[in-house]
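Single-structure report; data block below.
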Amino acid sequence: MPTVSVIYFSGSGHTTKLAEAVHKGAASVAGVKTNLIAINGEDIVHGRYKNDEVFTKLDVSDAIIFGTPTYMGGPSAQFKAFADATGGKWFTSAWKDKIAAGFTVSMSPSGDKLSTLHYLFTLAMQHGMIWIGQPEMPLQPNGVNRLGSNSGVMAQAGQESPDIAPSEGDKLTGEILGKRVAEYALKLKK
Ligand SMILES: Cc1cc2nc3c(=O)[nH]c(=O)nc-3n(C[C@H](O)[C@H](O)[C@H](O)COP(=O)(O)O)c2cc1C
């Protein structure tokens with residue numbers, strides 16, 4: 001049975017809501033095991049993850065979906081610390097041929113989120129992973145892909161609380177990505 005892991009950092013809860021939606025989509029696919037993992041920035045010291053359990057789960061995953069808020073036009077420092085801590089995996093090509101995808105939340109409609117998704121893509125490429133994009137058409141009546149991103153899932157929080165933002169359409173976009181990744185993980189396993 002393939003495993004899909006969603007690993008993310010969230011400072012004030014918006015990315016958590018999107019991560020939960022992505023995880024829901026992945027978990028909706030029968031025959032797939034899933035993990036939803038929140039990054040605790042304090043666990044990462046000098047490029048090393050103190051929590052071995054997290055890497056154990058990722059090592060046995062067939063797909064890893066990365067999520068981070070956009071802070072100053074890129075991934076949050078806490079996510080970057082996690083990414084740096086994956087350096088040991090790079091040395092051994094441990095994540096080569098795993099499926100990867102990404103999502104991000106920012107305050108503004110743009111907010112330079114594309115830089116964040118491109119960073120997540122680069123991280124996946126460094127590991128030799130296989131990137132799954134976001135092919136949903138923009139401007140759908142249900143708000144799916146309303147921000148028009150194909151590199152990964154973008155969501156916008158504005159200045160609303162996580163109870164309200166990201167929007168239902170943004171979360172549905174995340175759910176669709178999670179489902180797509182899980183379906184590919186299943187295909188690859190076969
Ligand atoms: C340090 C910091 C930097 C930020 N930089 C940006 C930015 O570059 N563009 C943007 O649109 N929003 C920016 N924001 C807003 C966050 O992206 C937004 O509040 C997001 O919903 C936070 O997600 P979280 O609740 O998961 O932490 C920034 C917020 C913080 C705290």
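General remarks:
- Test: residue in segment 91-111 that is open to solvent by 80 Å² or more (accessible area, probe 1.4 Å), over 17 Å from Ala21 (Cα atoms) and within 16 Å of the ligand (Cβ to nearest atom): yes
- One residue alone among Leu139, Leu120, Leu114 is open to solvent by 70 Å² or more (accessible area, probe 1.4 Å), within 14 Å of the chain's Cα centre (by Cα) and of a type outside the set (Gly, Ala, Ser), and that residue is Leu114.
- Of the residues making up segment 78-90, those that are farther than 30 Å from Ala165 by Cα and either assigned to a loop (DSSP other than H, G, I, E, B) or open to solvent by 70 Å² or more (accessible area, probe 1.4 Å) (or both) are Thr86, Trp90.
- Selection status of Leu58, open to solvent by less than 40 Å² (accessible area, probe 1.4 Å) and at pLDDT 95 or above: yes
- Of the residues examined, Ala165 is one that is within 16 Å of the ligand (Cβ to nearest atom), within 21 Å of Ile7 (Cα to Cα), among the small types (Gly, Ala, Ser) and crowded, with 16+ Cβ neighbours inside 10 Å.
- Selected residue [under 16 Å from the mean Cα position of the chain (by Cα), at pLDDT 95 or above and under 13 Å from Glu175 (Cβ atoms)] from Ala26, Ala38: Ala26
- For the condition on the phi > 0 side of the Ramachandran plot, within 13 Å of the ligand (Cβ to nearest atom) and open to solvent by 10 Å² or more (accessible area, probe 1.4 Å), Gly158 qualifies.
- Subset of segment 115-132 (residues that are within 15 Å of the ligand (Cβ to nearest atom) and in contact with a strand residue (DSSP E or B) (Cβ under 8 Å, 6 or more places away or on another chain)): Ser115, Thr116, Leu117, Tyr119, Leu120
- When the test is whether a residue is within 16 Å of the ligand (Cβ to nearest atom), at pLDDT 95 or above and farther than 24 Å from Leu188 by Cα, Gly11 passes it.
- Residue in segment 144-153 that is more than 24 Å from Tyr49 (Cβ to Cβ), within 16 Å of the ligand (Cβ to nearest atom), without any contact (Cβ under 8 Å) to a residue 12 or more places away in the chain and surrounded by fewer than 18 Cβ atoms within 10 Å (Cβ to Cβ) present: yes
- Count of segment 39-80 residues which are of a type in the set (Val, Ile, Thr), away from the ligand (no atom under 16 Å from the Cβ) and free of Cβ contacts under 8 Å to residues at least 60 places away in the same chain: 5
- The criterion of at least 2 residues that are of a type in the set (Gly, Ala, Ser) is met by the following strands (runs of 3 or more DSSP E) wholly inside segment 1-77: 63-71.
- Residue in segment 90-100 that is closer than 27 Å to Ser12 by Cα and touching a Ser or Thr at 6+ places or on another chain (Cβ under 6 Å) present: no
- Looking only at segment 15-38, and only at residues there that are farther than 16 Å from Thr68 by Cα and among the aliphatic types (A, V, I, L, M), the one that is farthest from the ligand (Cβ to nearest atom): Ala30
The values are calculated or read from the model by the stated rules, or taken from the named source; none is laboratory data. Remember, predicted model here, so these are calculated numbers, not experimental data. When we count neighbours, we look across all protein chains shown, and the Cβ atoms used for this are built from the backbone with ideal geometry, even at glycine. When the accessible area is computed, the model is the full protein with side chains, heavy atoms only, and any ligands, DNA or RNA have been set aside. Shrake-Rupley method; radii C 1.70, N 1.55, O 1.52, S 1.80 Å.
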